[in-house]
Amino acid sequence: MPLMFAHLHWATEPMHSKLFMVYLLVVYGVAIMHSVRLVWGLSSLGARKGVSMQAIIDGEVDVEALAKSALSNRVLIESVRGAGPNSNENLSSLREKSALHTLRAADSRFRYIIGRYQGSAALLRQLVWLTLLLSSLVVIYGAFPTLADQFNDRNVTGSVAMLATVSLCFSRLSLGLAACAVLYAVSGIFTLMLQRRLNRWQYTYSLAALHGSIEPTRRTPKNDVL
Amino acid sequence: MRDGNGGILATWTIVPVSGPPATQPYQAAYVVSGSVVSSYPLPMAPTQVVNGSNGLPVNASFVLGENGVAFASYGSNFVSFNLGSGSANWNYLASQGISSLSYEDGGGVVLADNQGNQTPIDTNGNAGSSIALSASMLQPSWTGVWQGAFGASNIGLASIVAPLMDWGHSFWSASGGSPSPTGASQEMSWFPVLPNCSGSQQPCIYDALDDLVSRLKDPTLSNLAQTNIFNKLGSQYTTAGFITYLTNMKPRFYDGLRSTYCSEILTHDWSETLCFQNPVLRYTLNLLNTDVKDAFTSTTDALTMTPGNPLLTFFRPESIGSSSSGQNLGNEALIFHEALHGFTGLQDDPILTSLGMNWASHASCSITVRIQNAVLSHAVGLDPSVQWSAVIPCPIVGDE
């Protein structure tokens, strides 16, 4: 019954397999830490208030609040009171100049934060490949020592020991592959969310710029990763 | 006394400078992580301070058991008590005094008295039969061998032929903390002894070893071993060399199901220096190691250091037959097989291949069966009632 060997137990696993399990725990820990940070930043869990387009144009929000509201998808895009790119009223007052300054500063802040978040998502994606590589290494390196351990069992012939070895190696591989799948899914979800937030901010920024005659930035997000 | 888990039993004696003496002079406090869990007068302790030859109060000595049970001895009286509450479980009066107390596997203690007698006390405080060892300062070693002093001057220290001390799983198993009385908490034991054979002073496997060695000295059996085993393994291996290997230094046989020794040492993948008994170090620095007891699968019979001199083998106790005081075909073939690993440094698969057996279709026990069939079955008078394949299960192909 070779399948009976398929269960992995910490106490009986060889050292290289235990090291791999410790690595997987660390990876899950890193993934959870970054995921919590991303979820916190991208959701409204921080209890941030919604910011209206009118409030931006009127200069009623500060830089940090605007950037974080944009990240958490709390900037409301709606029609604004009669204003346009050619309106002389827009740039006529100090208040509106201040609003333009706030908008530009918020754009920089937004791109800085989202760059860091994109770094987290990229890290999770890189961990997929590292985990895949180590999973393969554990299987390749551990095959012969595992076979030797299995053969030491008096009641099994070499062929049965080999089947048990394959079963154990696949169990270890599946642990690694499961971690890869989780990391890949999480990084994919966050990448998608970040791209959507970025698109929405660019749209919002353009709208606000149109109303305030601000030149929209043409920078790509990758160039802004800090 | 440390409990091996961050706690300590602190004791003191009350000796008033003036005024009436204390009615309960011997006191103790169980302290865990700097907080006093409980404080109590030591149970069954003398009601008056006992002074030693130096005029200072004689302290009680302690041994730790398992599950919160500890033992305190006061001269000729010792008590089993609950470490947390201080309540006495039972009390035993040793009329000959107490030389040493050692915590035994199963929950009892072994008492050595001042007259050289060794007495086992069970978990309920009932004494077993005493064995007169005729030595003073009796104390068991790490490996369970009793040692004591002989002669009036107590200078002649010697190992004593006596039932081995089977250390229990404790962190303060002897009065000094461990067989090495350094006052440090030590987890017992890397090398738990195998059960003794009935009527013998040593485990059956040693009786089997002695018989195997004497049989291999017989020219007929020696030639069979040379022709059917050693010649096939390599020209450098001889029966005479094998006997020397088994007799030069006494092989070390232990209970594999209870040992916390690092199994990686057996294959020389780890150093004994880095295998710690200290509980804190074991659960941190040795977290990635596998204990010998965990390396034993449900059907593993023995694990041997390969190569190793002296021979170091951990056995499953159930795999050792007690028939003929251990001197039977199965035991001796098993020792022969395991000793081949220690002697040659070869693992099972190259030995099988050298002996002309396909490792894919044979199990490692096929080596034992081959030794049985090709060598030991020709030994005159060797008890065949315990043998591999016929009695002890082993998948057989037919060419063993």
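Assorted remarks:
- Residue ID - nearest to B:Ser214 (Cα to Cα), chosen from residues in the stretch B:391-400 that are out of contact with any Phe, Trp or Tyr (no Cβ under 8 Å at 6 or more places or on another chain) and within 11 Å of chain A (Cβ to nearest Cβ): B:Ile392
- Scoring B:Ser200 on the criteria (1) among the polar types (S, T, N, Q); (2) outside any loop (DSSP other than H, G, I, E, B); (3) under 28 Å from B:Val292 (Cα atoms) leaves a single failure, condition (2).
- Residue tally, condition among the small types (Gly, Ala, Ser), crowded, with 19+ Cβ neighbours inside 10 Å and free of Cβ contacts under 8 Å to residues at least 60 places away in the same chain, over the stretch B:177-209: 1
- Check on B:Thr353, among the polar types (S, T, N, Q), closer than 14 Å to B:Lys232 by Cα and under 28 Å from the mean Cα position of the chain (by Cα): no
- Applying the condition of being farther than 18 Å from A:Trp10 by Cα and hydrophobic (A, V, I, L, M, F, W, C) to the stretch B:246-269 and asking which residue is nearest to the other protein chains (Cβ to nearest Cβ) yields B:Leu266.
- When the stretch B:287-296 is filtered for residues that are surrounded by 17 or more Cβ atoms within 10 Å (Cβ to Cβ) and in a loop (DSSP other than H, G, I, E, B), the ones remaining, listed by number, are B:Leu288, B:Asn289, B:Thr290, B:Phe296.
- When the residues of the stretch B:316-372 are filtered to those that are of a type in the set (D, E, K, R) and crowded, with 24+ Cβ neighbours inside 10 Å, the one that is farthest from the other protein chains (Cβ to nearest Cβ) is B:Glu332.
- Of all residue pairs spaced 6 or more apart or on separate chains, those with beta-carbon atoms under 7 Å, a first member in the stretch B:347-368 that is closer than 18 Å to A:Phe144 by Cβ and a second member that is surrounded by fewer than 24 Cβ atoms within 10 Å (Cβ to Cβ) and of a type in the set (D, E, K, R) are B:Trp359/B:Asp349.
- Scanning the stretch B:280-313 for residues that are under 27 Å from B:Gly4 (Cβ atoms) and more than 13 Å from every other protein chain (Cβ to nearest Cβ) gives B:Val280, B:Leu281, B:Leu312.
- Residue, nearest to the other protein chains (Cβ to nearest Cβ), within the stretch B:380-390, restricted to residues that are more than 15 Å from B:Gly326 (Cα to Cα) and of a type in the set (A, V, I, L, M): B:Ala390
- Residue pairs whose Cβ atoms lie under 6 Å apart, sitting 6 or more positions apart in sequence or on different chains, and linking a residue in the stretch A:10-25 that is facing chain B (nearest Cβ under 9 Å) to a partner that is assigned to a loop (DSSP other than H, G, I, E, B), are A:Met15/B:Leu288; A:Lys18/B:Leu288.
- Qualifying residue in the stretch B:214-226 (condition: under 18 Å from B:Leu346 (Cβ atoms), in the same structural domain as B:Ile371 (by TED's automatic domain parsing) and assigned to a loop (DSSP other than H, G, I, E, B)): no
- Members of the stretch B:258-286 that are over 19 Å from A:Pro145 (Cβ atoms), over 19 Å from the mean Cα position of the chain (by Cα) and not in a helix (DSSP H, G or I): B:Tyr283, B:Thr284, B:Leu285
- Test for B:Asn59: is it closer than 30 Å to B:Val17 by Cβ, in contact with a strand residue (DSSP E or B) (Cβ under 9 Å, 6 or more places away or on another chain) and not in a strand (DSSP E or B): yes
- Count - residues of the stretch B:210-231 that are among the basic types (Lys, Arg) and surrounded by fewer than 16 Cβ atoms within 10 Å (Cβ to Cβ): 1
- Among the criteria (1) out of contact with any Phe, Trp or Tyr (no Cβ under 7 Å at 6 or more places or on another chain); (2) within 14 Å of chain B (Cβ to nearest Cβ), the one A:Val138 does not fulfil is (1).
- Residue within the stretch A:117-125 that is within 25 Å of B:Arg316 (Cα to Cα) and either within 14 Å of chain B (Cβ to nearest Cβ) or modelled with pLDDT of 95 or more (or both) present: no
- Subset of the stretch A:153-178 [under 10 Å from A:Ser135 (Cα atoms) and either part of a loop (DSSP other than H, G, I, E, B) or in contact with a Phe, Trp or Tyr (Cβ under 8 Å, 6 or more places away or on another chain) (or both)]: A:Arg172, A:Leu175, A:Gly176
The values are calculated or read from the model by the stated rules, or taken from the named source; none is laboratory data. Remember, it's a predicted structure, so these values are computed and weren't measured experimentally. Counting neighbours? That spans all protein chains shown, and the Cβs are built from the backbone with ideal geometry, glycine included.
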